[in-house]
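> Structure provided below as structure tokens; questions to follow.
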Amino acid sequence: MRAKNFLIRLTILSLLLLSGCGQKEERISLGFIDPLSGPFANVGEHGLRELQLFVDNVNARGGVLNGVKFEIIPLDGKGNPQESLIAFRQLVDQNVEFLIQGNSSAVAGALSEAVAKHNQRNPNDAMVYLNYGAVDPMLTNDRCNFWHFRFDADSDMKMEALTNMMASDAAIKKVYLINQDYSFGHAVSKASISMLNKKRPDIEIVGDDLHPLAKIKDFSPYIAKIRASGADSVITGNWGADLALLVKAASEARLDVNFYTQYAGIVGGLSAMGDAAADRVKQVTMWHVNAGGDESDALTQAYRDKFPKANDDLFFLSLKHAIELLVLAIEESGSTDPLTVAKALEEARYKGATGEVWMRAENHQLMQPLYVSTFKKSGVDGVEFDVERMGIGPMTDFVTRAEDTFLPTTCDMKRPN
């Protein structure tokens, strides 16, 4: 009888063990939508590598909620709003609760509206949108919504820092604006004119061009217009190939101007611009590889060690901010429910490589320091790391404190009941 009972218990235990082996480990899915094909594929692939670095770090620490790990579901939005909305529907069908995107404010605007509408219609299947790089100010102003959180500074915040630097340079007399013809490019143009007129009314805006996004292969006609205008400085929000080809054309034409940018250090930029960037190209960013400090240097090296064949460098520290603050929100709320996590994210803050950063609850804009830097030949003080092994790296000109980046907001946040 005892032997029979033992066999029964052993059989039950075996069945339980077998059933446990068939269960899938609990995971938190992060949907990633960015261009993974087309002219901006290198930028999207780079963002995916950066996200993988930070997610792997969190998983190596044990994940969240006593061992729950993150997984990434990457989808190709092709840098196009319509294609990105198709990818969004695929994430909805997979019950993904957290969406990450960063390239193209046009895409971001479409996704933000889609997420808000989906969540209103399906409150029990909501999704939180973590924006790491789409910086049109409207996304946290008139077009803000509760489910959207931005972890990069918006373009107005960046232009405030950049024009502060320009206003202090008496040598700047004539400025030419050239930007991509979509919402972000329009925002850079508008802010440049408004802020320079206020801070340095003597500076003359001698040109204001908008060109098709990712369509121009030869920027020499634009360079000819800049030369004819007599400009000494160029402001551009261009990114990816549109920036690299612009600066390269200027170098080939021996155009003697300084470029004031937001994305010179993004993947592919320096390798295309080459020596032309040295002492000529400036950028305003949330961080750069030579920002300084042990934690900052460790981040730069960690990316290089993890992706040695990529031959590029970390750029979007905003992805680390997004993941670390998401982890804090989940841990502090004890939940992965999107509404609960979103409410916790509104109050989230932590100390990272650039100091303390925090979410501004009234419009869901992350507050963080901003760095204005100039690309210099490596080997000089302040340029420990070159970008893309080109022998050129950013050197900090000045830093704007997080608390000094506040701008008024028109956001009228509507929170769910």
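> For a quick check: sort T140, T336 by the number of other beta carbons within 10 angstrom, fewest at the front.
Numbers: T140 29, T336 18.
In increasing order of surrounding Cβ atoms, one gets T336, T140.
> Something else now. Could you work out how far helix 41-60 tilts from the main Cα principal axis of the chain, as a 0 to 90 degree angle to the nearest 10?
40 degrees
> Something else about it: How big is the antiparallel share of DSSP beta bridges in the chain, given as a percent to the nearest 5? Can you show the working numbers first?
Working: 20 of 55 bridges.
Bridges in the chain that DSSP calls antiparallel: roughly 35 percent.
> Above 18 angstrom, tally the Cα pairs of the stretch 188-239 and express them as a % of all pairs, no decimals. It would help to have the intermediate numbers written out before the result.
Details: 482 of 1326 pairs.
The answer is 36 percent, as a whole percent.
> Hey, in the GNM for the chain with a 10 angstrom Cα cutoff, which one of G334, G63, G265 fluctuates hardest?
G334
> Here's something else I'd like to know. For the Cα atoms of the chain, what angle does the longest principal axis make with the long axis of helix 81-93, in degrees from 0 to 90, nearest 10?
The helix 81-93 is inclined about 10 degrees to the chain.
> Which value, to two decimals, describes the C-alpha radius of gyration of the stretch 149-265 once divided by 2.2 N^0.38 Å?
Working: Rg = 13.4 Å, N = 117, 2.2 N^0.38 = 13.4 Å.
Ratio of Rg to 2.2 N^0.38 Å for the stretch 149-265: 1.00.
> D for the stretch 293-417, whole µm²/s, Stokes-Einstein with Kirkwood Rh over alpha-carbon pairs at 10 °C and 1.306 mPa s: what number? Provide the component values of the computation, followed by the final result.
Working: Rh = 16.8 Å.
Translational diffusion coefficient: 95 µm²/s.
> Suppose R0 equals 22 Å. What FRET efficiency, 1/(1 + (r/R0)^6) with r the Cβ-Cβ distance, do I86 and Q120 give to the nearest 0.05?
Numbers: r = 20 Å, r/R0 = 0.93.
E(calc), rounded to 0.05, equals 0.60.
> In percent, how large is the relative contact order of the stretch 215-273, given Cα pairs closer than 8 Å and 6 or more residues apart? Numbers along the way, then the final one.
On the way: 69 pairs, mean separation 25.1, N = 59.
Over the stretch 215-273, the number comes to 43 percent.
> Okay, next question. For the stretch 278-351, list log₁₀ I(q)/I(0) at each q in 0.11, 0.14, 0.16 Å⁻¹, using the Debye formula over Cα point scatterers of equal strength and ignoring solvent, two decimals each.
Listed by q, the Debye log ratios stand at -0.41, -0.61, -0.74.
> Can you give me the angle between helix 2-21 and the longest principal axis of the chain, using Cα atoms only, in degrees from 0 to 90, rounded to the nearest 10?
20 degrees
> Please arrange F32, F406 by how many other C-beta atoms lie within 10 Å of their C-beta, fewest to most. Could the numbers behind the result be given before it?
Details: F32 29, F406 12.
Ascending number of Cβ neighbours within 10 Å: F406, F32.
> Which lysines, on any chain, are close to K215 with Cα under 19 Å apart, when same-chain ones fewer than 8 places away are left out?
K78, K225, K248
> Give me M413, M195, M166, M159 ranked fewest to most by other Cβ atoms within 10 Å of their Cβ, as a rough exposure proxy. Display every interim value, and only then the final one.
On the way: M413 14, M195 18, M166 23, M159 29.
Listed from fewest to most nearby Cβ atoms, that is M413, M195, M166, M159.
> Sticking with this structure for a sec: Would you mind calculating the relative contact order of the chain from Cα pairs under 8 angstrom and at least 6 residues apart, reporting the percent as a whole number? Please list the in-between numbers first.
Values: 811 pairs, mean separation 63.7, N = 417.
Taking the mean separation of contacting Cα pairs over the length of the chain, I get 15 percent.
> Could you list which residues have their amide H under 5 Å from that of K376, counting only those 5 or more apart in sequence or on another chain, with H placed in the peptide plane?
The answer is D279, G393, M395.
> Given a Förster distance of 30 Å, report the FRET efficiency between D209 and D412 from their Cβ-Cβ distance, rounded to the nearest 0.05. Please report the intermediate quantities before stating the final value.
Numbers: r = 34 Å, r/R0 = 1.13.
After rounding, the FRET efficiency stands at 0.35.
> Given the C-alpha centroids of the stretch 256-317 and the stretch 162-230, what is the distance between them in whole angstrom?
The distance from the Cα centre of the stretch 256-317 to that of the stretch 162-230 comes to 22 Å.
> A further question on this structure: Report Rg/Rh for the chain, rounded to two decimals, where Rg is the Cα radius of gyration and Rh the Kirkwood radius.
Working: Rg = 23.4 Å, Rh = 22.5 Å.
Reported Rg/Rh, Kirkwood definition of Rh: 1.04.
> While we're on this one: For q = 0.17, 0.21 Å⁻¹, what log10 I(q)/I(0) does the stretch 207-358 give under the Debye formula with an equal point scatterer on each alpha carbon and no solvent?
-0.98, -1.22
> Let me ask something additional. Just want to confirm a number: the relative contact order over the stretch 271-417, from Cα pairs under 8 angstrom separated by 6+ residues, in percent. Can you show the working numbers first?
Working: 229 pairs, mean separation 41.1, N = 147.
Once divided by the residue count of the stretch 271-417, the mean separation gives 28 percent.
Every read-out reported here was derived from the displayed coordinates using simple, explicitly stated rules and does not represent laboratory data. Keep in mind the model is a prediction, meaning the values are calculated, not measured. Methodologically, a virtual Cβ is constructed for each residue, glycine included, from the backbone with ideal geometry; neighbour enumeration extends over all protein chains shown.
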